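Reviewing the structure listed below.
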Amino acid sequence: MGRKKKQRLCVGVDLHKTQFTVSALTEDGEVVLQEEYRTTPDGYSEFIEELHRYEEEDGCSIELAVETTGNARFFKNQMEKEFFDVTVVNTNKFKVITYSTKKTDANDALTLAMYLQKEMLPEAHLCSQTSEEIRRMLKTRRILVQSSVKIKNQIHGMLLGYGIETNAAQFQSKRKRQDLINDLADHDYSEFTASSLEVMLNILDVLAEQIKDVEEQIEQMVEDNEDVELLKTIPGVGKIGAATIASYTEDLERFDGDFKRFAAYIGIVPSVHNSNETVHLGHITKHGPQELRTAFVQVALGMIRASKQTSDWRLIEEYRRKKTEKGSGRAIIALTRKIARIVFVMLENRETFNPDLMLSK
């Protein structure tokens, strides 16, 4: 006689920062475990021991499902060390829990267990640890840049109140920033205004140094990244743009060579609304990582600005034509989609950018 097939034990996990609630469901639909554990070493150990008990005493094979959260990767790593199967659920495609009328941690966990048992959970893709670290560093840079922009806007407004018009170029160096303080001497201002301005300019100095340090670290992190080197051959793609696109598009195989899936992942495909026999295409979905979508738009803008090199390219000519017909916003999105297709082909075929293919025939 052959070995008896192990019974599946499907475990839904509602994971939070300090605790997680689990519901375990047998193939017969019996809830055999519904418990809350702390997200501490002791809490994880207690939960793991309980699962191993079901393995050893009841001969169960353990399968777990958890939604994407900030600590989902850590949870997954802890469980996979014990050789448990873990499905990380794509919350954007799984709205059952969000729209539940009886929303408790235990019910959410049970819902995950039920859909796991039916194999109806949309799985989320988790990037590699390296890519996650690059993404985290890129987000740090974005926060610093945004803080710098806010400070600059505050200074613009303050000085405009004294009749001093300023521009971005006046913040580019310490010397130019000092000139702004000196300019106040010719205007009717209070010592408190000068003090406030000096504080904000000092903050800009600190932020500029921090941004520089972060960018140097990002360069080190992607130093041997082949995707980054390929992407940097595209006019308009700098080191930050290349690092962003590369860190969000690893494991390109998951799109099975289908650019439409890739574009949907970026969030640059139009939303579709069906009514009877009418199909209406709306604004882009904006699903997927905002950082990746922004990086592609920045590449498009960079290509437009590099007019000496790109003015006779087909996609730029199409951009100019569409801009006249549909407006700047739609034209930029259309150009972004074309650039995304080029990137997709480059990364799939491991080819550098070929400007000759861009020329109008």
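Just so it is clear, none of the values below were taken in a lab; they were calculated from the coordinates. Owing to the predicted nature of the structure, the values given are computational and were not obtained by experimental measurement. Cβ placement follows ideal geometry from the backbone for every residue including glycine, while neighbour counts extend to all protein chains displayed.
Using only side-chain charges placed at the Cβ, +1 for Lys and Arg and -1 for Asp and Glu, the dipole size of the chain relative to its Cα centre rounds to 1960 debye.
In plain terms, the residue of Phe74, Phe83 with the fewest other Cβ atoms within 10 Å comes first and the most crowded comes last, giving Phe83, Phe74. Note on Arg136 and Ser196: the model spin-label points, each 7 Å out from Cα along the C-beta direction, lie 3.8 nm apart. FRET efficiency for the Ala306 to Glu35 pair, using the beta carbon distance and R₀ = 41 Å, is estimated at 0.10. Think of the chain as a dipole: +1 on every Lys or Arg Cβ, -1 on every Asp or Glu Cβ, centred on the Cα centre; then among Tyr54, Phe83, Ser128, Ser128 lies furthest on the positive end.
Stretched out straight at 0.36 nm per residue, the stretch from Glu27 to Tyr162 would grow longer than its current Cα-Cα span by 41.2 nm.
Applying 1/(1 + (r/R0)^6) with R0 = 45 Å to the Cβ-Cβ distance of Lys260 and Gln172 gives a FRET efficiency near 0.60. Helix 129-160 and the longest principal axis of the C-alpha atoms of the chain enclose an angle of approximately 40°. Toward the positive end of the charge dipole of the chain, with +1 on the Cβ of Lys and Arg and -1 on the Cβ of Asp and Glu, the farthest Cα among Phe344, Ala168, Ile304 is that of Ile304. Principal-axis analysis of the Cα atoms of the chain puts helix 314-326 at an angle of about 90° to the longest axis. Compared with the dominant principal axis of the Cα atoms in the chain, helix 41-58 is inclined by about 40°. Each label was represented as a point 7 Å from its Cα along the Cα-to-Cβ direction; for Thr18 and Asn71 these points are 1.1 nm apart. Backbone N atoms of region 193-231 closer than 16 Å to the 7 Å Cα→Cβ label point of Phe353 belong to residues 227-231. Region 313-361 and region 6-52 have Cα centres spaced 49 Å apart. Spin-label pair Arg341-Glu229: with each label point 7 Å from Cα along the Cα-Cβ axis, the two points sit 2.9 nm from one another.
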